Amino acid sequence: MHCRHELVKLMIEGPYSLSTDGSNDNGIKKMFPLVVTVCTPTGVESRFLDMCTGTSSTPGVVLVLEPCLG
């Protein structure tokens with residue numbers, strides 16, 4: 001949890017981009033790996049944020065990602 005807290009802090013303090021790929025399907029629900037690219041004091045880094053699950057529709061993806069970013 002410490003790493004996630006530090007990542008969210010970097011997201012609040014500077015620019016970041018968010019990436020996900022819903023191609024991982026476990027047969028029950030879609031799995032969305034959530035990766036954030038942030039600016040750190042040593043450069044630009046991409047880090048894993050969370051693994052969310054939900055439906056593959058656009059509104060479904062948004063509903064799934066919101067709590068992961070909380």
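Here are some notes:
- Residues of segment 36-63 classified as of a type in the set (Val, Ile, Thr), modelled with pLDDT under 65 and either more than 17 Å from SER17 (Cα to Cα) or open to solvent by 70 Å² or more (accessible area, probe 1.4 Å) (or both), total: 2
- Test: residue in segment 20-35 that is surrounded by 10 or more Cβ atoms within 10 Å (Cβ to Cβ), at pLDDT 85 or above and either at positive phi or not in a loop (DSSP other than H, G, I, E, B) (or both): yes
- Pairs where the first residue, in segment 1-14, is within 15 Å of GLY43 (Cα to Cα) and the second is modelled with pLDDT of 85 or more and open to solvent by 70 Å² or more (accessible area, probe 1.4 Å), C-beta under 8 Å, 6+ apart: LEU7/ARG47; LEU10/TYR16
- Taking residues in segment 20-42 that are of a type in the set (S, T, N, Q), and partners anywhere that are open to solvent by less than 40 Å² (accessible area, probe 1.4 Å) and at pLDDT 70 or above, the pairs with Cβ atoms closer than 6 Å and at least 6 places apart or on different chains are THR20/PHE32; THR20/LEU34.
The values are calculated or read from the model by the stated rules, or taken from the named source; none is laboratory data. Owing to the predicted nature of the structure, the values given are computational and were not obtained by experimental measurement. All Cβ positions, even for glycine, are placed from backbone atoms using ideal geometry, and neighbour counts span all protein chains on display. Calculation scope for accessible area: heavy atoms of the full protein, side chains included, ligands and nucleic acids excluded. Shrake-Rupley method; radii C 1.70, N 1.55, O 1.52, S 1.80 Å.
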